[in-house]
Amino acid sequence: MENDELIRILEKVLETEVTLDFLKKLEEKEIETLVACVRSKVDQG
């Protein structure tokens, strides 16, 4: 998955209108890890 897609997923999961484009500086694997962590936390809550 590309960085842009992963960032859009994060914005959706976090239900935010804040632009997270600063995350484009991260490597794809780092963003994938971040998405997985956020999803896990959201699923618990």
- Query: Across region 30-45, what is the total count of residues that are more than 11 Å from the chain's Cα centre (by Cα) and either acidic (Asp, Glu) or at pLDDT 95 or above (or both)?
  - Reply: 1
- Query: Restricting to region 1-28, what's the tally of residues that are assigned to a loop (DSSP other than H, G, I, E, B), surrounded by fewer than 15 Cβ atoms within 10 Å (Cβ to Cβ) and either of a type in the set (Val, Ile, Thr) or free of Cβ contacts under 8 Å to residues at least 24 places away in the same chain (or both)?
  - Reply: 6
- Message: Tell me yes or no: at least one residue of region 29-36 is exposed (fewer than 12 other Cβ atoms within 10 Å of the Cβ), of a type in the set (Ser, Thr, Tyr) and free of Cβ contacts under 8 Å to residues at least 12 places away in the same chain.
- Response: no
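The values are calculated or read from the model by the stated rules, or taken from the named source; none is laboratory data. Just so it is clear, the model here is predicted, and its values are computed rather than measured. Using ideal geometry, Cβ is built from the backbone for each residue, glycine included, and neighbour counts are taken over all protein chains shown.
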